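Here is the structure we will look at, set down as structure tokens.
Where a number appears in this text, it was derived from the coordinates with a stated rule and is not lab data. These numbers come from a predicted model, not from an experiment. As a convention, Cβ positions derive from the backbone with ideal geometry for all residues, glycine included, and neighbour counts pool all protein chains shown.
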Amino acid sequence: MSSHVILSGTNREHPADAAFMGKPSPDEVIQITCILRRKDDAPKTQPGRLSHQQFERVQGADPADVEAVELFASKHGFSIVRNDPSARSITLAGKFAAVAEAFGADVDLRQVNGKTIRTRKGSIWLDPLLADRVVAVFGFDQRAVARTRHRVLPHADQSVAYTPLQVAKAYNFPTNKGVNQTIALIELGGGYASSDLITYWQQLSLPAVSVTAIGVDGATNSPTGDPNSADGEVTLDIQVAGAVAPSSRIAVYFAPNTDQGFYDGISAAIHDKARKPSVISISWGMPEDRWTPSSINAFNSLFNDAAMLGISVCVASGDNGSSDGDTDGADHVDFPASSPWVLACGGTTLTLADGKIASETVWNDGAGGATGGGVSQHFSKPAYQASVNVPVPVASNPTGRGVPDVAGNADPATGYVVVIGGQQGVVGGTSAVAPLWAGLIALLNERVGKRVGWLNPKLYSKLAPAKALRDITVGNNGDYYASTGWDPCTGLGTPNGASILKLLRP
């Protein structure tokens, strides 16, 4: 590899305690996705100003970079499976031994959670043809890159439960239905049963909501009927978003739970020129320290794409408090919620009386379930958070991006009534908050008459000062405590939909 150069930020280790099972077959055909840089001369564009056609022309891949990857593929005998200049993504296929050698990838077969998968150690090396052109390479490593952010409440523990309609009414959502809006849901496993959805819409006295499954990288809608599996996530997302905006179209993008699959699933939704989602909901994530810098930056660039196209992206902030489930004793935030281009959604415990808010505090059940939130160790504090007091995360990053931005009901003990596997149950978690806000944004888009897009700057500069969000000042998520104004538990607070609409309308 003397002529090759290291792709910065790609170093990783094999999973701890994962048993070595040998090497992949040299003749196994694998697919590798190369993510290209944005055009060198890409102009600075205001968010929400570009059509898909304009975006590809000014923000997509440079034709010279695409040509370089094509030349590289031809040189090594690889085929090109997919070439998407808008997403700056090219997928190559070839025999494992040849592909691994071409990228200097050290790959083993390891047993992880009872499954034998490929995992990678060390860095990716780039052929001189690709140096300074390729910013990320996905596909060698098959370990799960994200986990769901939903929590099923056992029947024995059930205390209070609400339908999404009751929560939306308490938060004063507009009463329109989301006509001509498409809400995209990103799912990394599981599935939904149409019979569950039919039953649910009937229970809520709603007409059948349009739901379409889109397969990415070979993944499909594959329900098991187990609410504790990924089915619980998928069904929760659909039923919350669909109940809030029943005239919208729900597009569910199923992708494998790998870095390649997750990236391709999000990219498929953002750059879908047929369905053109106006808002995306993501309820999957992992602590920032589980990602390589190269991966985080590539995903973050995707979320910037969404902002340029006027697409809102709502992401769950996590269900494991200020540690985000890590066991190193330090505080962590979840990615992709920590991306400055997304709306990070935290969680509360909501109590209603006669349909109105009686109390609302930070969700923390004291037994490990609590809203995620804190300060990014990867992303700097964005300009829109300049006026809020974000704690110092670590010495190496004295000014970090604060998470979350907003919040909503998430406690499973005050959770959402859902139907999964033919049975009614109660599910919570910040997983419910992302589709709740996505549904609200679909309603806002319809009433405003255009996409509200990347909301974060307006949230901090206009909506919060005008008290269009309900400030949550009681509770903690571990090491962080709620306070007046923004805090690392519930952000700026929970929505008053009517007030937000009033401030966003021309």
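Relative to the Cα centre, what is the charge dipole magnitude of the stretch 147-504, using +1 at the beta carbon of each Lys and Arg, -1 at the beta carbon of each Asp and Glu, and rounding to the nearest 20 debye?
The calculated dipole for the stretch 147-504 is roughly 1600 debye.
What ranking, highest mean first, results for peptides 433-444, 164-175 when packing means the other Cβ atoms within 10 Å averaged over each residue?
433-444, 164-175
At q = 0.12, 0.17, 0.22 Å⁻¹, what is the log10 ratio I(q)/I(0) for the stretch 183-280, with the Debye formula run over Cα points and no solvent?
-0.35, -0.70, -1.12
So how far, in whole Å, is the C-alpha centre of the stretch 368-434 from the one of the stretch 269-334?
11 Å
Any idea how far apart Val392 and Val448 come out in nm if each label point goes 7 Å out from Cα toward Cβ?
3.7 nm
Would you be so kind as to identify all helices of the chain, as entire DSSP H runs, whose Cα atoms reach 15 Å or more along the helix's own axis and whose mean Kyte-Doolittle hydropathy is at least 0.5?
On the way: long enough: 63-76 (20 Å, 0.03); 230-244 (22 Å, 0.72); 259-270 (17 Å, 0.17); 293-308 (22 Å, 0.20); 430-448 (27 Å, 1.02).
Passing helices, by number: 230-244, 430-448.
Step through the residues of the stretch 165-175 one at a time and calculate ³J(HN,Hα) from phi using the Karplus curve (6.51 cos²θ - 1.76 cosθ + 1.60, θ = phi - 60°), rounding each to whole Hz and writing x for Gly and Pro.
With the stated coefficients, the stretch 165-175 comes to 5, 5, 5, 4, 5, 4, 8, 6, 5, x, 9 Hz.
For Gln424, list long-range residues whose amide hydrogen, built 1.01 Å from N in the peptide plane, is under 5 Å from its own amide hydrogen.
Those qualifying (amide H under 5 Å, at least 5 residues apart or on another chain) number zero.
Testing the spin-label approximation: label points 7 Å from Cα along Cα→Cβ at Lys115 and Arg57. State their distance in nm.
Rounded to a tenth, the inter-label distance reads 4.3 nm.
Taking only the alpha-carbon positions of the chain and ignoring solvent, what does the Debye formula give for the base-10 log of I(q)/I(0) at q = 0.06, 0.13 Å⁻¹?
-0.26, -1.24
For labels at Val29 and Ala16 in the simple 7 Å Cα→Cβ model, what's the distance in nm?
Calculated label separation equals 3.9 nm.
Setting aside same-chain residues fewer than 8 positions from Lys458, which lysines have a Cα under 21 Å from its Cα?
Lys44, Lys381, Lys450, Lys467, Lys502
So how long is each side of the stretch 175-232 along the principal axes, counting just the alpha-carbon atoms, biggest first, in Å?
Sorted largest first, the three principal extents are 35, 24, 15 Å.
What list do you get for Ile420, Ile282, Ile117 if you sort them by fewest beta carbons within 10 Å?
Ile117, Ile420, Ile282
If Lys and Arg each add +1 and Asp and Glu each add -1, what is the summed charge of the other residues whose beta carbon sits under 13 Å from the beta carbon of Ala18? Can you show the working numbers first?
Details: positive: Arg12, Arg110, Lys115, Arg118, Arg120, Lys121, Arg143; negative: Glu13, Asp17, Asp108, Asp141.
Combined, the nearby Lys, Arg, Asp and Glu give +3.
Can you put Trp486, Trp125, Trp363 in order, fewest other beta carbons within 10 Å first?
Fewest-to-most Cβ neighbours within 10 Å comes out as Trp125, Trp486, Trp363.
When the label point is put 7 Å from the Cα of Ala208 along its Cα-to-beta-carbon vector, which residues of the stretch 225-245 have a backbone N closer than 18 Å?
238-239, 242-243
Taking amide H positions as placed 1.01 Å from N in the peptide plane, with prolines and chain starts having none, which residues 5 or more places from Tyr162, or on another chain, fall under 5 Å of its amide H?
Gly415, Tyr416, Val417
Along the three principal axes, how long is the stretch 299-355 when you take its alpha carbons, biggest first, rounded to the nearest angstrom?
42, 40, 10
Would you calculate, for the chain, the mean residue ellipticity at 222 nm contributed by helices, counting each DSSP H stretch of 4 or more residues as -39,500 (n - 2.57) and dividing by all residues, to the nearest 500? Working shown, then result.
On the way: 10 runs with 117 residues, N = 506.
It comes out at -7000 deg cm²/dmol, rounded to the nearest 500.
Run down the lysines and flag those whose C-alpha is under 29 Å from the C-alpha of Lys121, throwing out any fewer than 8 positions away in its chain.
Lys23, Lys75, Lys95
At a 10 angstrom cut-off on C-beta neighbours, averaged per residue, how do the peptides 375-385, 77-87 rank from highest to lowest?
Ranking, from highest mean packing down: 375-385, 77-87.
How would you rank Tyr416, Tyr480, going from fewest to most other Cβ atoms within 10 Å of each one's own Cβ?
Starting with the residue having the fewest Cβ neighbours, the order is Tyr480, Tyr416.
Over the stretch 82-141, calculate the relative contact order: mean separation of alpha carbon pairs under 8 Å at least 6 apart, over the residue count, as a percent.
In percent, rounded to a whole number, it is 27.
Please compute the Cα-Cα pair-distance distribution of the stretch 5-138 with 10 Å bins starting at 0, giving whole percents from short to long.
Using 10 Å bins, I get a P(r) of 12, 37, 30, 16, 5, 0 for the stretch 5-138.
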